[in-house]
Amino acid sequence: MNVEMISWPWMDEEALCGMAAATCTGAKDHGKALEAALKSGHESVLEHAAFTFRVEGVSRALLAQMTRHRLASFSVKSQRYIDMRDMPSVVPASIMDDPDLMDEYTDLLEDIKGFYRRAVEKGVPKEDARYITPQAAMTDFIVTMNARELRHFFRLRCCRRAQWEIRALADEMLRLAKKKAPALFDDAGPGCLAGECPEAKPCGQPRQKGEWEWQKT
């Protein structure tokens, strides 16, 4: 998986959202107006700042979860046009750790790639041959969300109860967001950071704010 932020507000994010907050209240200090808005839960002012991420090497299973966040714009590598004969795939650690399952998983993927190759060679359009491809198949996409939706995304997907792959993506996106716009994302993260876990079945292992401190690896 590779994640990078490729676009953000050209105007300072704090100034942009602070200006919006100050417009609502008539405040003179934009920074304090933004702080007060966030503390009060008035997050509509965050919708003026949008951030774009490039995500590479993730599964179609992750993509299906990602697109449930409807207040976002997506551009996705299309299997209608991309040749999938080599079909790089994501392998969950739970399967990789079992040699027998890993062998079977690999054999199944090879069978799928073999069928795809034969279908395309016989003239089947790629948009039809792709029907055989699994959720494990890797894809790339670009996603744009405003700061308010990003905070909502982090609240749900940085949670330990989120599926491991999208949680890893959300964690990296949060690190990038904190680095670029700390005033907007300093307190962002799963619901447990704000106090009691909002999940019906808590994991019992609250995450800590320091887990998303920026560090380039």
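Any read-out appearing in this document is the output of simple, stated calculations on the displayed coordinates, not a laboratory observation. Keep in mind it's a predicted model, so treat the numbers as computed, not measured. Methodologically, a virtual Cβ is constructed for each residue, glycine included, from the backbone with ideal geometry; neighbour enumeration extends over all protein chains shown.
Things to note:
- The fewest-to-most ranking of His152, His30 by surrounding Cβ atoms within 10 Å reads His152, His30.
- Relative compactness, the chain, computed as alpha-carbon Rg over 2.2 N^0.38 Å: 1.22
- The amide H of Arg85, built 1.01 Å from its N in the peptide plane, has no neighbour under 5 Å, considering only residues 5 or more places off or on other chains.
- Computed per residue of the chain from DSSP H runs no shorter than four, each worth -39500 (n - 2.57), the mean residue ellipticity at 222 nm is -12500 deg cm²/dmol.
- Net length gained if the chain between His152 and Arg117 were fully extended (0.36 nm per residue, minus Cα distance): 8.5 nm
- Choice from Cys203, Cys192, Cys17 showing the highest fluctuation, given a GNM over the chain with Cα pairs closer than 10 Å: Cys203
- Projected label points at Ala64 and Gln163, each 7 Å from Cα along the beta carbon direction, are separated by 0.6 nanometres.
- Dipole magnitude of segment 79-217, debye to nearest 20 (Cβ charges: Lys/Arg +1, Asp/Glu -1, about Cα centre): 820
- Length-normalised contact order for the chain - Cα pairs under 8 Å, 6+ apart - percent: 24
- Here the extension length gained between Ile142 and Ser73 equals 24.0 nm, from 0.36 nm per residue of separation less the Cα-Cα distance.
- Which of Ala22, Ile132, Ala49, positive extreme of dipole for segment 1-156 (C-beta unit charges): Ala22
- A DSSP coil position with no more than 16 other Cβ atoms inside 10 Å describes the following chymotrypsin sites (Phe, Trp or Tyr not before Pro) in segment 3-64: Trp10.
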